[in-house]
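Beneath this line is the structure, given in structure tokens, with notes to follow.
The values are calculated or read from the model by the stated rules, or taken from the named source; none is laboratory data. What you are looking at is a predicted structure, and each value in this text was computed from that prediction instead of being measured. Cβ coordinates were reconstructed from backbone atoms using ideal geometry, including for glycine residues, and neighbour counts include every protein chain displayed.
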Amino acid sequence: MSLIRLVNVTKRFGEITALDHVNLSIEDGEYVCVLGPTGAGKTTLLRIIAGLLEPDEGEVHIEGRLVNDIPPEERNAVYMFQQYALFPHMNVWQNVSFGPVIRDWDEESVKKLSSEILEMVRLAERRDAFPNELSGGMQQRVALARGIASGARILLLDEPLGALDARLRVDLRSQLRRLVKDQKLTAIHVTHDQEEALMIADRVVVLRNGRIEQMGTPHEVYSRPQSVFVASFVGGANFIEGSVARVDDSGSVIEIRDGLQVHVSDSGRRVGEKVVVAVRLEDASIGPVEVAGSNNFPGRIESAMFIGGSMEYGIRLENGVTISSKALISDGFKAHKVGERVVVSFLPERCYVFPYPRMGLLKETEAM
Amino acid sequence: MPEVKLVNVTKRYGRILANDNVNLTIRDGEYVSIIGPSGCGKTTLIKSIAGIVRPDEGEIYIGGKLVNDLPIEERGIGYVFQNIALFPHMTVWDNITYGPRVRGWPPEETRPLALEMLEMIKLSARSDAYPSELSGGTQQKTAVARALTSRAELLLLDEPLGALDIRVRAELRHEVRRLVNDLKLTALHVTHDQEEAMSISDRVIIMKRGRIVEAGVPVDLYTRPRGIFTANFVGEANFLTGRIARRSDEGSLVEVGGGSQLMTNSRDQRVGDRVVIAFRPEFVSIGGDRPFNRLSGDVVDVIFSGSIGRVRVKLANGDLVVVKTALSFERPVFSVGDGIDLSVSPESILVYPYPEEGLDKELALE
């Protein structure tokens, strides 16, 4: 039996449908990331599970019990706000042990649990500090510690790393996951950061306009995107417009601008159909010569960008299409120079083919 | 024209030294980013240049002119900060022409400039929209345009993208960079996001506790950081402690915990010195393809981030080494618990003296 089950949950705010018939089951001990752009309905989903919002339609079940009419404090779930809300007049220790104390735990148990959790978030030495004496990252960890110490089985985390500096955010990802797993909790973590979701989650739920667009393991969502939107939002890709010229057993041939042909393994298309071919930046490699078995397109490097750990290039093909390519740098790397002539290569099996979106390509791929 | 020069700039808030004797020159046309952890003084510094904060000591020159006593509106700067500050009751057009209007410039002069700005930020079609009708990213673009319609040649960007979604941020940073190029501006950009700084800047400055600790072009800072703090702050790195076992004209041999010996190109230390070595996760090779500079251990976990596998390996002495490698999902090569050989080439290993206050203190980000 699932620990949390949402059945046809719908929530409207005036004319806006924030959640549109969402069905979702979450297992005990699972770490789920809900991923989507601003306005996708992520926070609404979390607040409905927490009991801070009432759905207009549908059912919320927790531990096998319908909880639509159960108040937040009886749902065995703790909601953590984006802005960590610590009691400013209490020190770290008092903040963390607040839950157990008001629930009248005996002194020994409170002490044991609180010290353990503070140890885990590596703040044992700062137990006497007040929130305003701590950095943002430390305050965030205190808030987490308090959530965990509350004894709730379910952690509802709303952009828990959002207020932190980029470098620190990356550091805390694995700590957060470990914390949840060590305590055998179930976590639902809302984020707009696809890299964060892919790294932390057992399962990723991609939300868009109040609907679940796709869900699966990070691997599934990344390597088998089911829509242009998911390919673009999770991992990003080059999107090339074309139409199906030929279909046979080994795949299809897509004709793109100026009659250039892209071979793809996907053969679930009809000849003449208008399609979009998506190629991940890291699947498009560049080199001096053609690669056997790949799609090969000569072009010229238009931009070269070092992004710390990898290089990203923009290559302008002879038909005017620009392809982006990204590769991890390795030791002794030499960057290609702008203006250099290269061949862009990508394998037919690394091409995703989607029907041309009804609302246009830009609508599915634009960030703003 | 707008070269920026700071000479011995110091700013205190009570007992806290926010800027400690900062010296810095930003060349005309240069795009410079300042990064550093929260509280390092980067915002105080940019506010001093803008004229929002008055330094306690030191001089600030813009275009060769001492500006310490000049108010913000006379410094010839455009200033954009994190919280989008558009006038909510004004349209895009009224917002971006606000500066020229209050300065009393004739509309026939302002109009072409404003039109050009709108064109550049691809917002010509939305000039009648109100801020609330625009996305956060578009609002921030409008704020940048507004900062520039007063013919500012120096653009000061104080976490301009901080409040936006990551994807919007990644897209917008290139648009801002292009705008700065096309208009031949000088730009100073404060950010907490080292990837943002690396990808758009001519030069990146690292600050810590009120001081500039290092500055350089992005690729040099990443591959040849001069200090442990920088090595850690600009990207993930492995840090191992060890001792210099041997020295020659070519470099030194470092013995790390567990008895492994690694050849490095460093000649800055003496035999017996306690050192910290650092190397990037993507510079580690998997498999024993090198006959030397090998490290062996067991796979602790493999985490995928898109197509990149992040493999954590526990060495015999318990130290953890992170390796980043392009992996395919279809054929996972490693399983947890597998024994694995790693190697790092001598030129990829950085060697630093062991920090006086300990390694943890040097690596602390907060």
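When the residues of segment B:341-356 are filtered to those that are modelled with pLDDT of 95 or more and touching a Lys or Arg at 6+ places or on another chain (Cβ under 8 Å), the one that is nearest to the other protein chains (Cβ to nearest Cβ) is B:L350.
Taking the criterion of being hydrophobic (A, V, I, L, M, F, W, C), part of a loop (DSSP other than H, G, I, E, B), surrounded by fewer than 18 Cβ atoms within 10 Å (Cβ to Cβ) and within 13 Å of chain B (Cβ to nearest Cβ), the only residue of segment A:339-367 that qualifies is A:L347. Among the residues of segment A:172-184, at least one is farther than 26 Å from B:G306 by Cβ and either at pLDDT below 90 or out of contact with any Asp or Glu (no Cβ under 9 Å at 6 or more places or on another chain) (or both). If the condition is being under 15 Å from B:A147 (Cα atoms) and more than 32 Å from the chain's Cα centre (by Cα), then segment B:112-123 contributes only B:L115. Those strands (runs of 3 or more DSSP E) of segment A:136-238 in which at least 3 residues are away from every other protein chain (no Cβ under 14 Å) and among the hydrophobic types (A, V, I, L, M, F, W, C), considering only elements entirely within it, cover A:154-158. Kindly indicate whether B:D128 is without any contact (Cβ under 8 Å) to a residue 60 or more places away in the chain and closer than 30 Å to B:Y13 by Cα. Criteria not met by B:D128.
Within segment B:314-322, one or more residues are within 14 Å of chain A (Cβ to nearest Cβ), in a strand (DSSP E or B) and either buried (at least 20 other Cβ atoms within 10 Å of the Cβ) or of a type outside the set (V, I, T) (or both). Here the condition is being within 10 Å of another protein chain (Cβ to nearest Cβ), farther than 24 Å from B:I60 by Cβ and surrounded by fewer than 19 Cβ atoms within 10 Å (Cβ to Cβ); of B:E196, B:E236, it holds for B:E236 alone. Check whether at least one residue in segment A:102-114 is in the same structural domain as A:G210 (by TED's automatic domain parsing), surrounded by fewer than 15 Cβ atoms within 10 Å (Cβ to Cβ) and of a type in the set (S, T, Y), and report yes or no. The answer is yes, given that some residue of segment A:102-114 is in the same structural domain as A:G210 (by TED's automatic domain parsing), surrounded by fewer than 15 Cβ atoms within 10 Å (Cβ to Cβ) and of a type in the set (S, T, Y). Kindly establish whether B:V275 is of a type in the set (V, I, T) and more than 14 Å from chain A (Cβ to nearest Cβ). Yes; evaluated as a whole, the condition is true for this residue. Against the criterion of being of a type in the set (A, V, I, L, M) and over 30 Å from A:G309 (Cβ atoms), A:A163 does not qualify.
Determine, yes or no, whether A:E119 is modelled with pLDDT under 90 and either surrounded by 13 or more Cβ atoms within 10 Å (Cβ to Cβ) or more than 30 Å from A:T38 (Cβ to Cβ) (or both). It is true that A:E119 is modelled with pLDDT under 90 and either surrounded by 13 or more Cβ atoms within 10 Å (Cβ to Cβ) or more than 30 Å from A:T38 (Cβ to Cβ) (or both). On the stretch given as segment B:179-193, residues that are within 9 Å of chain A (Cβ to nearest Cβ) and out of contact with any Ser or Thr (no Cβ under 9 Å at 6 or more places or on another chain) total 1. Give the residue, chosen from B:I303, B:I340, that is assigned to a strand (DSSP E or B), within 17 Å of B:N238 (Cβ to Cβ), free of Cβ contacts under 8 Å to residues at least 24 places away in the same chain and not acidic (D, E). The unique qualifying residue is B:I303. Residues in segment B:62-100 that are under 24 Å from B:I35 (Cβ atoms) and buried (at least 17 other Cβ atoms within 10 Å of the Cβ): B:I62, B:R75, B:I77, B:G78, B:Y79, B:V80, B:F81, B:Q82, B:I84. Across segment A:280-332, the number of residues qualifying as in a loop (DSSP other than H, G, I, E, B) and either within 14 Å of another protein chain (Cβ to nearest Cβ) or within 18 Å of A:C351 (Cβ to Cβ) (or both) comes to 16. Pairing each residue of segment A:330-344 that is under 29 Å from B:S343 (Cα atoms) with any residue that is aliphatic (A, V, I, L, M) and outside any strand (DSSP E or B), provided the two are 6+ apart or on different chains, yields C-beta distances under 8 Å for A:A335/B:V219.
Okay, residues lined up against (1) surrounded by fewer than 17 Cβ atoms within 10 Å (Cβ to Cβ); (2) in contact with a strand residue (DSSP E or B) (Cβ under 7 Å, 6 or more places away or on another chain); (3) within 28 Å of A:D171 (Cβ to Cβ); (4) not assigned by TED's automatic domain parsing to the domain that holds B:R178:
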site	(1), (2), (3), (4)
B:T10	yes, yes, no, no
B:N19	no, yes, yes, no
B:Y31	no, yes, yes, no
B:G36	no, yes, yes, no
B:G41	no, yes, yes, no
B:L45	no, yes, yes, no
B:A50	no, yes, no, no
B:E57	yes, yes, no, no
B:I60	no, yes, no, no
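Would you check if A:Q261 is modelled with pLDDT of 95 or more, in the same structural domain as A:R167 (by TED's automatic domain parsing) and surrounded by fewer than 19 Cβ atoms within 10 Å (Cβ to Cβ)? For A:Q261, the condition - modelled with pLDDT of 95 or more, in the same structural domain as A:R167 (by TED's automatic domain parsing) and surrounded by fewer than 19 Cβ atoms within 10 Å (Cβ to Cβ) - is not met.
If you go through segment B:168-179 and keep only what is more than 23 Å from B:A50 (Cβ to Cβ) and in contact with a Gly (Cβ under 8 Å, 6 or more places away or on another chain), you end up with B:V168, B:E171. Inside segment B:205-223, residues that are within 12 Å of chain A (Cβ to nearest Cβ) and closer than 18 Å to B:E366 by Cα make up a count of 1. Which of the residues spanning segment A:94-109 are at pLDDT 85 or above and aliphatic (A, V, I, L, M)? The answer is A:V96, and nothing else. Looking across B:R126, B:R226, one residue alone is surrounded by fewer than 22 Cβ atoms within 10 Å (Cβ to Cβ) and either more than 25 Å from B:G39 (Cα to Cα) or touching a Ser or Thr at 6+ places or on another chain (Cβ under 7 Å) (or both). It is B:R126.
Of all the criteria given as (1) within 27 Å of B:H192 (Cβ to Cβ); (2) without any contact (Cβ under 8 Å) to a residue 40 or more places away in the chain; (3) out of contact with any helix residue (DSSP H, G or I) (no Cβ under 7 Å at 6 or more places or on another chain); (4) part of a loop (DSSP other than H, G, I, E, B), the one not satisfied by B:I52 is (3). Only a single criterion out of (1) at positive phi; (2) touching a residue at least 40 places away in the same chain (Cβ under 8 Å); (3) more than 12 Å from chain A (Cβ to nearest Cβ) is not satisfied by B:S296, namely (1).
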